[in-house]
Amino acid sequence: MRLYDGQMHSATSTGVSEAQQIIDLEREFLVQNYARYALVLERGEGCYVYDVEGNRYLDFIAGIGVNALGHAHPRIVKVIREQAELLIHSSNLYYHRYQGALAKRLAEVSGLNRSFFANSGTEAMEGALKMVRAHANKISPEKIEVVSVDNSFHGRTLGALSITGQPKYRRDFEPLIPGIRFVPQNDIAALERAANERTAGIVIEWIQGEGGIFPISSEYGRKARELADRYDALLVFDEIQCGVGRPGTWFGYQLADPVVLPDVMVAAKPLACGLPLGVIVANEKAAAAISTGMHGSTFGGSALACRVALEFFDILEGLLPSIRRVGDYFRSRLEELARRYGFIREVRARGLMVGVDMSVPGKQMVAEAQARGLLINCTHDTVLRFLPPYIIAEKEVDEAIYILDGIFAAQPSQ
Ligand SMILES: *Cc1c(COP(=O)(O)O)cnc(C)c1O
C-alpha cells in the first residue's frame, strides 16, 4: 500500500497528474460549495476504496453513512445488473414490482404503515413537513408551528433548512418558513414550554449525526410523544443518518425501551446502498393528510433503487447482531484511547454510529488519517465521526484504531 502524502503524483505527458487535472476541471466548472479533500476515488471493494493512483484506504465514513454494505457487494452488484437490463425507471404514472414490496418491508420493521418514496434525505424531510402542514391545516389555519431541536440537521432545501437547528446553515437564506421553535436537546421542560395548540409538528433526530453524535434520552422521546398527542401534532423522527440498521436496530427510536413510535419517520442515506432513495414512512393518521395529487416525485422510488433496497433489507436482517457486537468493540477500543489521550473528552456511540469528542480541532487529524490510509470525517470542528459500512469486523476496527493511535500519539499536546 502506498501512503497518500497530500499531493497528487503520476504526471502525464502534460506534466500534470490525472488526479490534478480532475481537480482543476472541477475548480473551473463546478459551483464552489464543497471543500473537498484532494483525493480522487476510482473504485471500492468491501471496506476499502482506491484512488486513481491505486492507493488503498479503509473507508470508515462510507459516503457519509450511505454505503452500508461497503463497495461492490456481490449481491448488490448482481441485482443492479439484473434490474438495469429490465427496468431502471418508470415514473409514478405506473406500477412496478418493488415499491409495494419495499413499503411492506418498511412497515414490518418500522411499525408504521404507509410509505412515500423520494430520492434524498432533504426531499423526504420536505415531504414530511408538507404532511405536518396538511394535517394541521385541517385542524386550524393558525396551527403552523414546528418544534425542532438545537444543533439538529435536517437537510438543505428551504423547508428542511428552516427546521435545521444550526444558524450557520440558515443565515444566508433567510427569511425561511415561519413558526419554527428551537429547543435545547434533552431539555424536557423546554420542550414542554415550546409545545402548544399551534404546534403542528415536533421533529427530532433520535441521534444527532451532523451535530456530533448526540442521542436523545428515552424520557425526552416519550415526552415528545406525549406532547404531540396532547396537541394533535405529528411527531416526526429524522432517521436519515441514524436509521436503517446503523444503531444496531432497524431505527434509532427502537433503542428506547419501550419503543417510542413517531407518527412519521424519514430515512434515506443507507437505504439503497448508494443509489439515491429516501422515504417517508407514516402511520395511517399522518398518511391520511396527503390525498391524490398533493405530493409527488418524478424519480422517487424507481424500480432499480427499490429492488436494491429490498435486497439490502434481506442482508441487513442478519447483520444487526454484528453491527451491535462490532460497534461495542469499536467503542471499547476508542475508550481505551480516551484513557490514554487527555484531549479526548468523550466517546459517543450507538452501534456503528460513532463520535470521538475532543478538546482539539479534528480537521488536521482527518487529513493525517487519509495520509495513513483511513477515511474518516470531522463534524463540529472537534468531533471525529465514524460511519463505517455495516460489514466491518473486529479486524477492520483494529486497523483503524492502530492508525488513530499513531495520529493521537503525534499530537503536539501529548
Ligand atoms: C444527511 C442528512 C439529511 C439530508 O439528507 P440529504 O440526502 O443530504 O438531502 C437530513 N437529516 C439528517 C439527519 C441527515 O444526516
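Test residue 406 against the stated conditions and say whether it is more than 24 Å from residue 249 (Cβ to Cβ) and out of contact with any Pro (no Cβ under 6 Å at 6 or more places or on another chain). Walk me through how you get there before you give the answer.
Details: more than 24 Å from residue 249 (Cβ to Cβ): yes; out of contact with any Pro (no Cβ under 6 Å at 6 or more places or on another chain): yes.
Here the answer is yes, as residue 406 does meet what is asked.
I need the full set of residues from segment 108-144 which are surrounded by 22 or more Cβ atoms within 10 Å (Cβ to Cβ), more than 11 Å from the ligand (Cβ to nearest atom) and not in a helix (DSSP H, G or I), in order please.
Within segment 108-144, 112, 115, 116, 117, 143 qualify.
Out of all the residues in segment 189-202, which are over 17 Å from residue 262 (Cα atoms) and either buried (at least 24 other Cβ atoms within 10 Å of the Cβ) or of a type in the set (A, V, I, L, M, F, W, C) (or both)?
Matches in segment 189-202: 189, 190, 194.
Yes or no: segment 170-193 includes at least one residue that is within 11 Å of the ligand (Cβ to nearest atom) and at pLDDT 95 or above.
Going residue by residue through segment 170-193, those that are within 11 Å of the ligand (Cβ to nearest atom) are none.
No, segment 170-193 contains no residue that is within 11 Å of the ligand (Cβ to nearest atom) and at pLDDT 95 or above.
For segment 65-73, indicate whether the set of residues that are small (Gly, Ala, Ser), more than 16 Å from the ligand (Cβ to nearest atom) and either modelled with pLDDT of 95 or more or part of a helix (DSSP H, G or I) (or both) is non-empty. Even if it seems obvious, please write down each step before you answer.
First, pick out the residues of segment 65-73 that are small (Gly, Ala, Ser): 65, 68, 70, 72.
Filter once more, keeping what is more than 16 Å from the ligand (Cβ to nearest atom): 70, 72.
Adding the requirement that they be either modelled with pLDDT of 95 or more or part of a helix (DSSP H, G or I) (or both) leaves 70, 72.
Yes, some residue in segment 65-73 is small (Gly, Ala, Ser), more than 16 Å from the ligand (Cβ to nearest atom) and either modelled with pLDDT of 95 or more or part of a helix (DSSP H, G or I) (or both).
Sort through 342, 318 and tell me the only one that's touching a Ser or Thr at 6+ places or on another chain (Cβ under 8 Å) and among the small types (Gly, Ala, Ser). So that I can check it myself, show each step before the final result.
Numbers: 318 fails: touching a Ser or Thr at 6+ places or on another chain (Cβ under 8 Å).
It is 342.
Here are some residues: 50, 95. Which one is more than 16 Å from the ligand (Cβ to nearest atom), within 21 Å of residue 277 (Cα to Cα) and either assigned to a loop (DSSP other than H, G, I, E, B) or touching an Asp or Glu at 6+ places or on another chain (Cβ under 8 Å) (or both)? Please lay out each step first, then the result.
Values: 50 fails: within 21 Å of residue 277 (Cα to Cα).
95 is the lone residue from the list that is more than 16 Å from the ligand (Cβ to nearest atom), within 21 Å of residue 277 (Cα to Cα) and either assigned to a loop (DSSP other than H, G, I, E, B) or touching an Asp or Glu at 6+ places or on another chain (Cβ under 8 Å) (or both).
Pairs please, first residue from segment 5-27 and modelled with pLDDT of 95 or more, second anywhere and loosely packed, with under 14 Cβ neighbours inside 10 Å and assigned to a helix (DSSP H, G or I), Cβ atoms under 8 Å, 6+ apart in sequence or on different chains.
none
Anything in segment 200-239 that is in contact with a His (Cβ under 8 Å, 6 or more places away or on another chain) and among the hydrophobic types (A, V, I, L, M, F, W, C)? List them, or say none.
The answer is 200, 203, 234.
Restrict the check to segment 252-265 and report whether at least one residue is within 16 Å of the chain's Cα centre (by Cα) and within 12 Å of the ligand (Cβ to nearest atom).
Restricting attention to segment 252-265, the residues satisfying the condition of being within 16 Å of the chain's Cα centre (by Cα) are 252-253, 265.
Within this subset, residues satisfying the condition of being within 12 Å of the ligand (Cβ to nearest atom) are 252, 265.
Within segment 252-265 (the criterion being within 16 Å of the chain's Cα centre (by Cα) and within 12 Å of the ligand (Cβ to nearest atom)), the answer is yes, since at least one residue qualifies.
Which of the strands (runs of 3 or more DSSP E) contained wholly in segment 293-403 include at least 1 residues that are modelled with pLDDT of 95 or more and either farther than 23 Å from residue 207 by Cβ or in the same structural domain as residue 278 (by TED's automatic domain parsing) (or both)? Can you show your working first?
Numbers: elements: 344-350, 353-358, 377-379, 383-386.
In segment 293-403, there are no strands (runs of 3 or more DSSP E) which contain 1 or more residues that are modelled with pLDDT of 95 or more and either farther than 23 Å from residue 207 by Cβ or in the same structural domain as residue 278 (by TED's automatic domain parsing) (or both).
Need pairs with beta-carbon distance below 9 Å; first residue under 19 Å from residue 207 (Cβ atoms) and within segment 166-190, second among the hydroxyl-bearing types (Ser, Thr, Tyr) and not in a loop (DSSP other than H, G, I, E, B); sequence gap 6+ or separate chains.
Here the result reads 182/148; 183/148; 185/220; 186/220; 187/220; 188/220, each pair linking segment 166-190 to a residue that is among the hydroxyl-bearing types (Ser, Thr, Tyr) and not in a loop (DSSP other than H, G, I, E, B).
Is one or more of the residues making up segment 213-229 more than 12 Å from the ligand (Cβ to nearest atom) and within 22 Å of residue 277 (Cβ to Cβ)?
Within segment 213-229, the subset more than 12 Å from the ligand (Cβ to nearest atom) is 215-229.
So of that shortlist, the ones also within 22 Å of residue 277 (Cβ to Cβ) come out as none.
Among the residues of segment 213-229, not one is more than 12 Å from the ligand (Cβ to nearest atom) and within 22 Å of residue 277 (Cβ to Cβ), which makes the answer no.
Is it the case, given these coordinates, that residue 150 is over 17 Å from residue 127 (Cβ atoms) and either touching a Pro at 6+ places or on another chain (Cβ under 9 Å) or not assigned by TED's automatic domain parsing to the domain that holds residue 263 (or both)?
Working: over 17 Å from residue 127 (Cβ atoms): yes; either touching a Pro at 6+ places or on another chain (Cβ under 9 Å) or not assigned by TED's automatic domain parsing to the domain that holds residue 263 (or both): yes.
In short, yes.
Across segment 164-204, what is the number of residues that are of a type in the set (S, T, N, Q) and under 12 Å from residue 227 (Cβ atoms)?
Of the residues in segment 164-204, 2 are of a type in the set (S, T, N, Q) and under 12 Å from residue 227 (Cβ atoms).
The values are calculated or read from the model by the stated rules, or taken from the named source; none is laboratory data. A quick note: this is a predicted structure, and the numbers were derived from the prediction, not measured. Counting neighbours? That spans all protein chains shown, and the Cβs are built from the backbone with ideal geometry, glycine included.
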